[in-house]
Amino acid sequence: NPLMEDKSYIEGLMQGAVLQGYDPKSILDSADIPFENYTSTAVPLSGEELQRLILVLRNLMNDHYLGFLQVPGKLEMDSIAGSVAVKEKTLGAAMRVMANFINAVRSDEEHDLVIDKTTREATLNFHFSGLTPGVDDRLLYWFRMCWTFNFLCWLVGRKPTITQVSFSAKTPVRGLNYEEMFRHQVDFNQPCNSITFRFKDLRLPVLRSQL
């Protein structure tokens, strides 16, 4: 959709909230971000500013999905998913139990962990349905995949080795540095939205015991 591609990613991330009646200026003020950045495609946010914006949106809406899905995901759901993960001994077990939990409580988000014994890789696939009309689903996949990847890194105290990051979108969201977020090359126009890890990294020990 060329109209969506012309939007700034800041406006795109806030679109679910704005469609629900939240004031964009108030949101940006709370995140300590100048309002002129709202529609700008020329002024990228720093990593810290982007994190502040996402946290403000999550807390304001009590919705982990930032309004991108028609059915909100309360923050408590995300906390419980993290709580079950820290009880596991290895990264692979944590990924599996988190995927099982999300698939059990949501009908509009699916995680699928696929092991390929031939390539010795493990792929975590993401799929959404039931999106809020008018939102750019590229940003939802970017946000959810980045959020999950960063949580997994925190869980084991290091970056698991990625072998591929795939997005089904034909083009990236302008202004977002995908490679910097995942610290790996990102491929677009792919069959699915997924992060592929080296299989042996699934044996990395979980170092955290609480959120």
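The values are calculated or read from the model by the stated rules, or taken from the named source; none is laboratory data. Computed from a prediction, not measured in an experiment: that's the story for all the values here. Every residue, glycine as well, gets a Cβ built from its backbone with ideal geometry; the counts of neighbours run over all protein chains shown. Ligands, DNA and RNA are stripped out before the accessible areas are found, and what is left, the full protein with its side chains, is counted by its heavy atoms. Shrake-Rupley method; radii C 1.70, N 1.55, O 1.52, S 1.80 Å.
Brief remarks follow.
- Long-range HN-HN contacts of residue 69 with modeled amide H, under 5 Å: 132
- In sequence order, calculated HN-Hα J values of region 153-168 (Karplus, 6.51, -1.76, 1.60; Hz; x Gly/Pro): 4, 4, 4, 10, x, 6, 8, x, 6, 8, 10, 6, 10, 10, 10, 6
- Net charge, residue 37 excluded, C-beta distance under 10 Å - Lys, Arg +1, Asp, Glu -1: -3
- Cross-link reach is defined here as a Cα-Cα straight distance under 16 Å, omitting same-chain residues fewer than 8 places apart; for residue 87 the aspartates and glutamates meeting it are 78.
- With a Förster radius of 25 Å applied to the C-beta separation of residue 46 and residue 131, the computed FRET efficiency comes to 0.35.
- Accessible area per residue for the chain is 49 Å², calculated with a 1.4 Å probe on protein heavy atoms, without ligands, DNA or RNA.
- Residues of type lysines that residue 89 reaches as a straight line, Cα spacing below 28 Å, ignoring anything fewer than 8 places off in the same chain: 74, 117, 159, 200
- Here the label points at residue 55 and residue 170, each 7 Å from Cα along the C-beta direction, are separated by 3.8 nm in the simple model.
- The trypsin sites (Lys or Arg not before Pro) of region 94-190 that meet both conditions, a loop assignment by DSSP and at most 15 other Cβ atoms within 10 Å of the site Cβ, are 117, 120, 158, 170, 174, 183.
- Computed over the chain, the range of Cα coordinates on each principal axis works out to 48, 33, 30 Å, biggest value leading.
- Candidate lysines - alpha carbon under 20 Å from residue 170, same-chain residues fewer than 8 apart omitted: 7
- Taking Cα centre as origin and charging only the Cβ of basic (Lys, Arg, +1) and acidic (Asp, Glu, -1) residues, the dipole magnitude of the chain rounds to 1020 debye.
- Orientation-averaged projected area, Cα convex hull of region 116-211 (nm²): 7.4
- R0 of 22 Å, Cβ-Cβ distance residue 104-residue 153: FRET efficiency to nearest 0.05: 0.35
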